[in-house]
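Some notes on the structure that comes next.
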Amino acid sequence: MDTGPDERLSTGAGHSPRGDTRGYPNTIEDLSTGASITFLERGVDEQGAYLLMDGVLPVGINSGPARLHPQAEARSEVIAGQAEVTVRGERRVVRPGDSLTIAAGEAHSIRNGGDDTLRIRTTLRPPGEFEAATRALYAAGAGGRPDVLAVAAVLFQFRADIRLSGLPWLVQRPLLRALAGIARRLGRDPLK
């Protein structure tokens, strides 16, 4: 993991010790797939800063390409449906009541492998700017027909929070930097 001086770190400062419910819950939806994420709460407890969210995936839909969170651990529990979760290339079926923990830096993907809508509750610790990154990725059309330049700009901006796992970071970083620059010059950076 690159921890150079340009990496952004977020501590969750500005949130109440018991959890910030201002503006929560709030939902974003990918209209092209029907997938959604409801951000339930952001706060700090005895284990540190966290973001609590529910993800919904219709039958046969996945959560996007394999990715990793360089600095955050994700603990997920299936509420309804059946999840096919791949962690470090190893596929696992997770059913209602089952949970799993994905360590910081572990490549993972989630797919609804069942016959019903999948609902999965996840706590991300520390949350960094994952919520802002996800909102920007949804705005770039990440689930349907994404604007590749916009997605690259988002991934470069939020590189401390989310990265694609298919390319080594030493290759991905300069590529994302170049594509983000092109996106800015063409007015396709959703963050500007």
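The values are calculated or read from the model by the stated rules, or taken from the named source; none is laboratory data. Computed from a predicted model, the values in this text were never measured in an experiment. Reconstructed Cβ throughout: ideal geometry from the backbone, glycine too, with neighbour counts over all protein chains shown.
Taking region 42-116 as the region of interest, none of the strands (runs of 3 or more DSSP E) fully inside it holds 1 or more residues being in the same structural domain as PHE156 (by TED's automatic domain parsing) and either more than 12 Å from the chain's Cα centre (by Cα) or loosely packed, with under 14 Cβ neighbours inside 10 Å (or both). Among the numbered conditions (1) touching a residue at least 60 places away in the same chain (Cβ under 8 Å); (2) over 21 Å from GLY34 (Cβ atoms); (3) loosely packed, with under 14 Cβ neighbours inside 10 Å, the only one that LEU124 does not meet is (3).
From the list ARG173, ARG135, the lone residue that is over 30 Å from GLU46 (Cα atoms) and out of contact with any Ser or Thr (no Cβ under 7 Å at 6 or more places or on another chain) is ARG173. Against the criterion of being surrounded by fewer than 16 Cβ atoms within 10 Å (Cβ to Cβ), over 30 Å from LEU186 (Cβ atoms), of a type in the set (A, V, I, L, M, F, W, C) and more than 13 Å from the chain's Cα centre (by Cα), VAL148 does not qualify.
For ALA180, the stated conditions hold: it is part of a helix (DSSP H, G or I) and more than 24 Å from GLY34 (Cα to Cα). Against the criterion of being modelled with pLDDT under 95, under 17 Å from LEU68 (Cβ atoms) and touching a strand residue (DSSP E or B) at 6+ places or on another chain (Cβ under 7 Å), THR134 qualifies. Of the residues making up region 149-161, not a single one is out of contact with any Pro (no Cβ under 7 Å at 6 or more places or on another chain), more than 22 Å from MET53 (Cβ to Cβ) and assigned by TED's automatic domain parsing to the domain that holds GLN71.
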